[in-house]
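Presented below is the structure to which this report refers.
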Amino acid sequence: MNFILFCLYTSLYFHCNKGTVYLPKNVSVSAIIAFGDSLLDVGNNNYIKTMTKSNFLPYGKDFVGGKPTGRFSNGKTLADFFAKALGVKEYVPAYLNPFITDKDLLTGVSFASGGTGYDPLTATLSSVIPVKIQLEMFKQYIWRVKRKVGEEAMKNIINNSVFFVSSSSNDFLVTYYSVPIRRLQYDIPAYSNKLVKWAISLVQDLHKLGARKIVVFSAPPLGCIPIERTLAGGSERKCVDEYNKAARFFNKKLKENLQFLESTLPQSKIAFSDFYNPLISIIENPRQYGFEVANQGCCGTGKFEMSYLCNELSTTCQNDSTFFFWDSLHPTEKGCDIYSKIILPDLVKSLF
Ligand SMILES: *[C@@H]1O[C@H](CO)[C@@H](O)[C@H](O)[C@H]1NC(C)=O
Ligand SMILES: *[C@@H]1O[C@H](CO)[C@@H](O)[C@H](O)[C@H]1NC(C)=O
Ligand SMILES: *[C@@H]1O[C@H](CO)[C@@H](O)[C@H](O)[C@H]1NC(C)=O
């Protein structure tokens, strides 16, 4: 698809200035609030004791000032692209950052923590912030906002915010496939159902706290993530069918359950953000999306490095805009940009 043409066409209906703001003209979004894992973590893990970190170069080398921030990318991540596209702000700050200002707070923060999952065991395995605790942090956030602007204004902000939830990749890759505990307890359909239950319960809790527009990401094509190709894709580093199949099963259940949930929760708009099919398409036809490489990361050999293994001693690819993956797990800034452009028109349609 040609994004520029798409934007010209849709600018009849949407603000589409410089191809970034996709909002219908009669609505505005107060804040962007994010939960979940490294896809939306913008630096919370900097403030906790864990091995899952990215606040050192070459992470952040293309961020403002060439500064690592704890984003798992060479620059901006999805949270930032969504915030901009919904007309809120350029960068979403980490809630745990002690220097966030009132304005930062009122326009939204991220509670996400790289390495976490819906399954509480996932956060334990990586010593990161469980989703349940992120929800507690959100309650504290509500209290802080209320103290600043009063109850009425606080309710308005929450009511007009867009919430993003990204989880499940680490549940499958770190918890299910890497350690035996869950594999002994559940097969993939049973574990997927369990994850879906946790996801649904999180959305219900958010709704109780006032959230009305909630976007939940599907699992990506887990078997095509560079490190999984290396670990389980054989000498040719093929996509691992079994992992992709698990992702598809989970995604189907998640989508059905979210649709049903939306029909039961008053005034709610709940969007399933397909993170599987757009990625498969990019991975199979990278050139069609402006990429040269989509089967390995830009950092180091691109085959296994991430977090502390992708560090100042790692060489990086010549031009990270031609890579879909930045490290062996996470998309580049360009990758996030392209994915957000693919998905935003549908998301906006289902949210407003
Ligand atoms: C915005 O406009 C659309 C189309 O005219 C309408 O369906 C929708 O209800 C409006 N939304 C708000 C919040 O006014
Ligand atoms: C909250 O938002 C919904 C639409 O999402 C709207 O129908 C409702 O009137 C809003 N309530 C308040 C108190 O702003
Ligand atoms: C990097 O690649 C992008 C996308 O193909 C291209 O637009 C840009 O000019 C390249 N930058 C350099 C320094 O070669």
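So here's what we get for this one:
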{"read-out": "Boolean, Lys245 is surrounded by fewer than 17 Cβ atoms within 10 Å (Cβ to Cβ), over 23 Å from Ala85 (Cα atoms), away from ligand 3 (no atom under 16 Å from the Cβ) and under 19 Å from the mean Cα position of the chain (by Cα)", "value": "no"}
{"read-out": "Residue among Phe352, Phe291 that alone is surrounded by fewer than 22 Cβ atoms within 10 Å (Cβ to Cβ) and within 16 Å of ligand 2 (Cβ to nearest atom)", "value": "Phe352"}
{"read-out": "Lone qualifier among Leu39, Leu105, Leu57 - being modelled with pLDDT of 95 or more, closer than 17 Å to Lys334 by Cα and either away from ligand 2 (no atom under 16 Å from the Cβ) or in contact with a helix residue (DSSP H, G or I) (Cβ under 8 Å, 6 or more places away or on another chain) (or both)", "value": "Leu39"}
{"read-out": "Residues of region 305-320 satisfying the condition of being surrounded by fewer than 15 Cβ atoms within 10 Å (Cβ to Cβ) and among the acidic types (Asp, Glu)", "value": "Glu312"}
{"read-out": "Residue in region 305-312 that is within 16 Å of ligand 2 (Cβ to nearest atom) and either outside any helix (DSSP H, G or I) or in contact (Cβ under 8 Å) with a residue 24 or more places away in the chain (or both) present", "value": "no"}
{"read-out": "Single residue of region 313-346 satisfying the filter (β-branched (Val, Ile, Thr) and outside any strand (DSSP E or B)) that is farthest from ligand 1 (Cβ to nearest atom)", "value": "Thr315"}
{"read-out": "Residue satisfying all of: in region 248-288; surrounded by fewer than 20 Cβ atoms within 10 Å (Cβ to Cβ) and within 16 Å of ligand 3 (Cβ to nearest atom); farthest from Phe325 (Cα to Cα) among these", "value": "Gln288"}
{"read-out": "Of all residues making up region 144-176, the number that are over 21 Å from the mean Cα position of the chain (by Cα) and closer than 30 Å to Gly233 by Cα", "value": "0"}
{"read-out": "Residue check for Thr77: out of contact with any strand residue (DSSP E or B) (no Cβ under 6 Å at 6 or more places or on another chain), β-branched (Val, Ile, Thr) and crowded, with 17+ Cβ neighbours inside 10 Å", "value": "no"}
{"read-out": "Qualifying positions in region 139-185 - β-branched (Val, Ile, Thr), touching a residue at least 60 places away in the same chain (Cβ under 8 Å) and more than 22 Å from Gln267 (Cβ to Cβ)", "value": "Ile181"}
{"read-out": "Residue check, Gly302 touching a residue at least 40 places away in the same chain (Cβ under 8 Å), surrounded by 15 or more Cβ atoms within 10 Å (Cβ to Cβ) and not hydroxyl-bearing (Ser, Thr, Tyr)", "value": "yes"}
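The values are calculated or read from the model by the stated rules, or taken from the named source; none is laboratory data. Since the model is a prediction, treat every value here as computed from it, not as a measurement. We place every Cβ from the backbone using ideal geometry, glycine too, and count neighbours over all the protein chains shown.
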